[in-house]
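Take a look at the structure set out below.
The values are calculated or read from the model by the stated rules, or taken from the named source; none is laboratory data. Because the structure is a prediction, the values reported are computed rather than measured. In this analysis, Cβ positions are derived from the backbone assuming ideal geometry, glycine residues included, and neighbour counts consider all displayed protein chains. For accessibility, only protein heavy atoms count, side chains too; no ligands or nucleic acids. Shrake-Rupley method; radii C 1.70, N 1.55, O 1.52, S 1.80 Å.
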Amino acid sequence: MIQIILAVLFVAFGVFLRQTNHPGFRGSKKFWKMLVILGGVILISKLVSYFLNPL
C-alpha cells in the first residue's frame with residue numbers, strides 16, 4: 001500500500017515541477033519527466049501485481 005502512495009506522490013510532484021515557475025525549483029525542473037515515468041511505472045506494476053496475486 002505504501003508503494004502506491006509513494007508512486008502517486010512521485011507523479012504529483014513531477015506534475016508540480018512541470019507547472020511551477022518558482023525560482024527555487026529551477027534546478028529541479030528537469031527531473032519532472034523522470035518522476036512522472038517512475039511513479040507511473042511503479043503504480044502500474046503494483047496494481048498489476050495486486051490483480052495477479054490477490055491476498
* Structure fact -> Across region 14-37, the tally of residues that are in a helix (DSSP H, G or I) and either in contact with a Lys or Arg (Cβ under 9 Å, 6 or more places away or on another chain) or surrounded by 13 or more Cβ atoms within 10 Å (Cβ to Cβ) (or both) stands at 13
* Structure fact -> In region 38-55, anything part of a helix (DSSP H, G or I) and surrounded by fewer than 12 Cβ atoms within 10 Å (Cβ to Cβ) is listed as ILE44, VAL48, SER49, PHE51, LEU52
* Does PHE10 qualify as being of a type in the set (A, V, I, L, M, F, W, C), open to solvent by less than 100 Å² (accessible area, probe 1.4 Å) and assigned to a helix (DSSP H, G or I)? -> yes
